[in-house]
Structures are given as structure tokens and as C-alpha cells.
Amino acid sequence: MKVIVLGAGILGVTSAYQLAKAGHEVTVVDRQPGPALETSFANAGEVSFGYCSPWAAPGIPAKAMKWLFMKHAPLILRPKFDVAMLSWMARMLSNCTSERYAINKSRMLRLADYSRIALAELRAETGIAYDERMQGTLQLFRTQQQLDASAKDVKALAADGVPYEVLDRDGCIRVEPALRHVREKIVGGLLTPKDETGDCFKFTNALAAKAEALGVRFAYGTTIEALDVEAGRVRGVITARDRERERMSTDAVVVALGSYSPLLLKPFGIKLPVYPVKGYSLTIPITDAARAPESTVMDETYKIAITRLGDRIRVGGMAEISGYTNDLGLARRSTLEHSVTDLFPGGDVSKASFWSGLRPMTPDGTPVIGPTKIKGLFLNTGHGTLGWTMSTGSARLICDLVSGAKPEIDARDLAVSRYG
């Protein structure tokens with residue numbers, strides 16, 4: 001079939017690669033001049049198969065109220081009269097129950113574990129290098145209360161057969177030796193040893209080159225204006241480049257536009273509750289390897305990930321709900337700098353590059369993968385902070401669904417139909 005993939009981020013490129021491998025004629029359309037130049041560009045670098053949880057969790061509403069008044073807050077809310085924002089927030093709050101948390105986390109872990117297998121196979125078949133490491137994620141607790149609260153995550157990990165290890169202070173230092181300089185600041189941690197790290201931008205660009213070698217055409221610098229739908233079936237995509245409009249005919253379309261997916265789908269009555277939640281990152285050159293993390297340390301207090309990427313440290317996190325704005329606030333940089341220098345003192349943050357991106361979040365934390373009510377129109381979006389983690393598994397799923405093959409894992413509860 002002819003398949004058009006909308007979006008050249010990590011989800012779009014992995015989808016295009018798998019579709020081309022399956023024998024389809026694939027075109028990828030993106031407004032940027034190259035792959036992975038928006039949300040995939042400088043994310044936290046975590047490939048978190050085990051550290052994989054919905055933001056909507058029991059106790060989050062109370063925590064959110066406290067966070068709003070913290071100097072270095074994990075959550076920043078800039079309220080506005082925006083029906084989509086208010087609806088998304090209300091739906092998220094409705095998922096903050098023990099029952100919904102267990103269901104949503106189980107879905108996420110199922111897809112994440114599938115992606116773990118898919119990424120290993122993809123790495124073996126392509127030989128792609130992207131500053132990858134396979135040394136796990138250490139969720140670091142500064143207080144006993146945080147350590148005690150991790151019991152619900154331990155229960156979910158155990159139920160799904162995901163390896164984990166609860167560590168005391170010395171155990172954390174064994175895993176991340178540089179923490180010995182700040183041992184008095186930590187109480188314990190939760191290690192998920194199967195987690196990985198890597199540069200999503202490097203990976204996406206390398207895989208785009210592999211996809212091109214398979215015959216995938218990339219239409220960069222091209223604006224996506226609308227879908228062409230006739231008699232309940234997608235027939236094409238209307239695009240614009242250098243003021244010239246074009247209709248690209250197709251048999252199927254995969255929408256992998258992240259936070260912008262709902263805007264394209266709204267005219268067709270597809271209510272996709274994906275909303276942008278902005279995250280920030282710093283990329284810092286390593287000046288002393290002995291004082292740098294070995295893998296990913298997740299600072300539970302500030303919800304910030306500190307990740308080793310080759311000769312750099314990526315510091316990423318925070319959740320800012322402010323709509324489709326992508327400005328850089330100096331206060332957010334201060335929070336990132338505080339977390340990394342507090343746990344790994346000695347680095348030169350003055351040389352860091354500062355970035356922000358819009359994460360496409362669903363209210364339940366689970367991505368939307370699968371068909372829509374329009375024949376030939378498929379979605380692969382809404383992965384939130386876990387697009388890098390879930391990308392390879394999501395791509396294999398969408399490829400099977402587009403091709404009419406039976407997916408290797410159950411994908412029925414990932415479809416947009418779950419929202420009614």
C-alpha cells in the first residue's frame with residue numbers, strides 16, 4: 001500500500017521504518033527541515049522499560065497543590081480559558097484512583113516491555129549507535145516517605161514480572177558511585193536494571209537514514225494542512241511547501257504528530273484527548289567523569305532525570321501546562337541546575353544548552369495506537385514522556401495494524417475508541 005506518515009519525530013520515523021520493511025511505499029511529511037527537531041530533539045534520554053508510570057496516580061492531586069507553591073516545582077500550571085486544557089485536566093484527575101492507576105500502568109508496562117524486545121532486535125539488525133547504555137534507572141529517594149510510597153510501584157512491577165531492586169543508601173552508591181559525595185542527602189532508591197539510556201535525536205536520524213535506504217521518501221519543510229476524507233475513508237493529505245499546495249494520494253495515513261495530532265483530527269469528529277505538557281532539559285558537557293552518573297538517576301523530589309549520554313549529561317523534567325507555548329523560562333533552568341548540582345556537584349552548568357519541548361500527554365498516561373472510525377486512518381501518538389521508551393514497540397504495533405496482521409501483543413485497549 002501507499003502509506004503517508006505524518007510527523008518525523010521518533011514515533012513517525014520508527015513507524016516509517018517498520019512499514020517500509022513490511023513492503024509498503026512510505027512517505028513521511030514534516031514541517032521541520034529534518035527528523036527529530038521538536039519533542040524528540042533533547043528529551044531526558046531515558047529508555048524506561050521499568051520506570052514507566054502514569055502521571056495520574058493516587059495522591060497526585062494533593063501533591064500537585066503542594067508543588068505549585070515550591071520554588072523548584074515539578075509542576076507548573078498557567079491556567080487559561082481553554083476548553084481542551086480544562087477537559088484534559090478533569091479527565092486526568094478522574095484517573096487518579098488506585099484502580100485506574102493499576103490498569104493504566106499495566107498497559108504501559110505491556111507496551112514498554114514489548115518495546116524493550118523490539119529495540120534490542122532493531123539495534124542488532126541495523127547496528128545503530130546513539131550513545132546507548134544498558135545500566136538501568138535509579139529512582140532516588142531523599143526522604144523515607146518517598147521510599148515508603150514506592151510500594152505501589154513495586155507491587156505493579158512484581159505483578160508484571162519486571163525486574164527491580166529496592167536499595168538502601170549504600171546500594172544506591174554501589175549503582176551510582178558518584179553519589180558517595182552526597183550520601184547524606186539520600187535515603188534509598190528503586191532500581192529497574194533493564195532500563196536503558198540513549199540520545200533520541202541521534203537514534204532517530206540514524207534510523208531515518210536506514211529508512212531512506214529502504215525507499216522511504218521524506219518530505220521535509222512541508223506543512224500539513226488537512227486530511228482528504230471521502231465516504232468515510234482517507235484518500236490523501238493536503239500539504240503546502242513554498243506556498244505551493246499539493247494533494248498527496250494514499251491508501252493509509254499514520255498520524256504521529258504528537259501534541260498537534262488533535263488539531264488535525266478535530267474537523268472529523270475524532271475526539272483525541274492529547275494535550276501538550278511542556279518539559280525542559282539541559283545538556284551539559286562532562287568535565288569530571290568520576291562525578292557524573294553512570295546511567296539515569298531520577299530525582300524523585302523534583303521529578304528530574306539526570307542521564308549520562310556519552311560525554312554529556314542530559315538533565316530533563318518538569319511538567320508545565322500552558323498550552324502550545326514553547327518559550328524558555330529562566331526559572332525552569334534554575335530548577336534543572338539545582339537538581340543536578342545538588343546530586344552531582346562539580347559540573348559546569350554555565351556551558352549547558354537549554355531546551356524545551358511539548359510532550360503529547362493523554363489523561364490516563366497511555367498512548368493512543370490503532371485505527372480510527374475513518375477507514376485507512378491510524379494513530380500513533382500521545383506517548384507523553386515515554387515516546388522514546390515506547391517507540392519501537394509502538395512502530396511494530398502500528399505496522400501490523402496498518403498491514404492487517406495480528407499484533408504480537410494486545411493493542412485493543414490502546415485505541416482511541418477507549419475514550420468513547
Computed FRET value (nearest 0.05) for residue 80 with residue 351, which takes r as the C-beta separation and R₀ as 30 Å: 0.25
Could you tell me which residue out of 331, 253, 282 lies farthest along the dipole of region 245-344 toward its positive end? Charges go on the beta carbon: Lys and Arg +1, Asp and Glu -1, centred on the Cα centre. 253
With a 1.4 Å probe and every protein chain left in place, work out the accessible area per residue of region 44-127 in Å², rounded to a whole number. 48 Å²
If you rank 298, 89 by how much accessible surface each has, with a 1.4 Å probe, what is the order from largest down? 89, 298
Return one number: the angle in degrees, 0 to 90 and rounded to the nearest 10, between the long axis of the Cα atoms of helix 200-213 and the longest principal axis of the Cα atoms of the chain. 30 degrees
Charge dipole of the chain about the Cα centre (unit charges at C-beta), most positive-ward option of 409, 306, 61: 61
On C-alpha positions alone, give me the angle between the axis of helix 330-343 and the longest principal axis of the chain, in degrees, nearest 10. 50 degrees
In whole Å, what is the distance between the alpha-carbon centres of region 121-159 and region 373-420? 23 Å
Once R0 is set to 30 Å, what does the formula 1/(1 + (r/R0)^6) return for the Cβ-Cβ distance between residue 97 and residue 166, expressed as a FRET efficiency to the nearest 0.05? 0.75
To the nearest Å², the heavy-atom accessible area per residue of region 262-420 with 1.4 Å probe amounts to 33 Å²
Mean Cα-pair separation over length for the chain, i.e. relative contact order, pairs under 8 Å, 6 or more apart, %: 27 percent
For residue 126, what accessible surface area do you get with a 1.4 Å probe? Give it in Å², rounded to 10. 20 Å²
Of all DSSP beta bridges in the chain, antiparallel share, percent nearest 5: 70 percent
Looking at 120, 15, 223, which one has the Cα that reaches farthest to the positive end of the dipole of the chain (charges on Cβ: Lys, Arg +1; Asp, Glu -1)? 223
Carbon/sulfur accessible area of the chain, % of total, 1.4 Å probe, equals 53 percent
Accessible-area value, residue 225, 1.4 Å probe, nucleic acids and ligands omitted, Å²: 80 Å²
Taking the Cα centre of region 77-232 as origin and charging only Cβ (+1 Lys, Arg; -1 Asp, Glu), how large is the dipole, in debye to the nearest 20? 540 debye
For region 372-383, in order, what is each residue's ³J(HN,Hα) by Karplus, 6.51 cos²θ - 1.76 cosθ + 1.60 with θ = phi - 60°, in whole Hz (x at glycine and Pro)? 10, 6, 8, 4, x, 10, 10, 10, 9, 7, x, 7
Find how much the distance from residue 233 to residue 341 grows on full extension, using 0.36 nm per residue of separation minus their present alpha carbon separation; answer in nm with one decimal. 33.5 nm
Output the 0 to 90 degree angle, nearest 10, between the alpha-carbon long axis of helix 10-21 and the longest principal axis computed from the alpha carbons of the chain. 50 degrees
Once you mark the trypsin sites (Lys or Arg not before Pro) that are in a DSSP loop and have at most 15 other Cβ atoms within 10 Å, what is the longest gap between them in the chain? 81-242
Only Lys, Arg (+1) and Asp, Glu (-1) charged, at Cβ; the chain dipole about Cα centre in debye: 880 debye
Please list, in order, the residues from region 137-168 whose amide nitrogen is less than 17 Å from a point placed 7 Å along the Cα→Cβ vector of residue 183. 141-142, 167-168
Pairwise label distance in nanometres, residue 412 with residue 66, each label 7 Å out on the Cα-Cβ vector: 4.0 nm
For the pair residue 134 and residue 240, what calculated FRET efficiency results from E = 1/(1 + (r/R0)^6), where r is the Cβ-Cβ distance and R0 = 41 Å, to the nearest 0.05? 0.45
Over the chain, with a Gaussian network built from C-alpha contacts below 10 Å, which listed residue (324, 302, 130) shows the highest mean-square fluctuation? 324
Whole-Å distance, taken between Cα centres, linking region 303-366 and region 161-233: 14 Å
So how far apart, in nm, are the two label points at residue 87 and residue 330 if each is 7 Å from Cα heading toward Cβ? 3.9 nm
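The values are calculated or read from the model by the stated rules, or taken from the named source; none is laboratory data. If you're wondering where the values come from, they're calculated on a predicted model, not measured in any experiment. Virtual Cβ from ideal backbone geometry, glycine too; neighbours counted across all protein chains shown. Accessible surface is based on the protein model in full, side chains and every heavy atom, while ligands, DNA and RNA are left aside. Shrake-Rupley method; radii C 1.70, N 1.55, O 1.52, S 1.80 Å.
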